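These notes concern the structure reproduced below.
The values are calculated or read from the model by the stated rules, or taken from the named source; none is laboratory data. Keep in mind that what you see is a predicted model, and the values were worked out from it rather than measured. Ideal geometry is used to build each Cβ from the backbone, glycine not excepted, and the neighbour counts take in all protein chains shown.
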Amino acid sequence: MSSPSIGEQKTTPVGGLSIAEDSWLTGVMSRTVHRVSGTVEEDGEPQAQRTLRKITDRPGFSYARVPTHHVRTSRLLERGGFHVVDTGITLETRQLPERDGEGRRARLARTEDQAAVEEIARRSFIYSRFHLDPDIPKHLADEIKAQWVGNFFRGQRGDYMIVAEHAGHVAGFLQLLNAPGNVLVIDLIAVGKDDRGLGLAEEMIRYAVSACGKPQTLRAGTQIANTASLSLYEKLGFRIVSTSYVLHHHGTAN
């Protein structure tokens, strides 16, 4: 999933590309961050290259997500100094398989869960694009995830938050977004390291389907390197619907 678009400044596409400042990531990373979106056709390459130079010739951090089949766009970004850090996979399902028994460890999050949820997010991720980028320190990648889920409790991102409890403590969380077409999107999901292997992630996903408006489609995104996540989604009947490259650019002064 892309970063929270809080305060994002959008621009008109030039040569097929749009550049927008990501003010939320700018605040977390303490440097100017831009998101590059769109795809480039052959006749738009000169304009797109000039557009990119506006951000690549100065300090800062930029990122882009490009469909894997759109090689022209990814090559143009690479020539501009962007590097692939992740291959993202989007999966969907319309129905979860039947399961014997009913789990009782998942519930809707409460305000007092914020600290526990943020700490799980801070300690649980290794395959996010921020963690896979060798030019982003681990402590910063961890903090991005912690603040990402914290945005739900601040009313800035997410429509639902599910938590799972085990042995008297919050052991995992599931942040969700509503999307057009009665689609429920898994924005972020994690289970604490000491509570994995107990089926908590599956239980939270199943609870979300019944507690969050009974969506027609459930959508999730993960990384090709995250084989455990892919196995879980495949077990639950998800199928791949799209793939994309995620590219990062770090300005020379950073």
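Numerical summary
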{"read-out": "Residue in the range 123-134 that is nearest to the chain's Cα centre (by Cα), counting only those that are assigned to a helix (DSSP H, G or I) and closer than 30 Å to Thr252 by Cβ", "value": "Arg129"}
{"read-out": "Test: residue in the range 105-118 that is out of contact with any Asp or Glu (no Cβ under 9 Å at 6 or more places or on another chain), assigned by TED's automatic domain parsing to the domain that holds Ala228, surrounded by 14 or more Cβ atoms within 10 Å (Cβ to Cβ) and not in a helix (DSSP H, G or I)", "value": "yes"}
{"read-out": "Test for Val170: is it within 22 Å of Asp86 (Cβ to Cβ) and in contact with a strand residue (DSSP E or B) (Cβ under 7 Å, 6 or more places away or on another chain)", "value": "no"}
{"read-out": "Filter result (in contact with a Phe, Trp or Tyr (Cβ under 9 Å, 6 or more places away or on another chain), under 15 Å from Ser244 (Cα atoms) and not in a loop (DSSP other than H, G, I, E, B)) within the range 47-72", "value": "Tyr63, Ala64, Arg65, Val66, Pro67"}
{"read-out": "Residue among Glu98, Glu78, Glu42 that is among the acidic types (Asp, Glu) and closer than 30 Å to Glu165 by Cα", "value": "Glu98"}
{"read-out": "Answer from Leu77, Leu52, Leu96 - the residue that is over 14 Å from Leu188 (Cα atoms) and without any contact (Cβ under 8 Å) to a residue 40 or more places away in the chain", "value": "Leu52"}
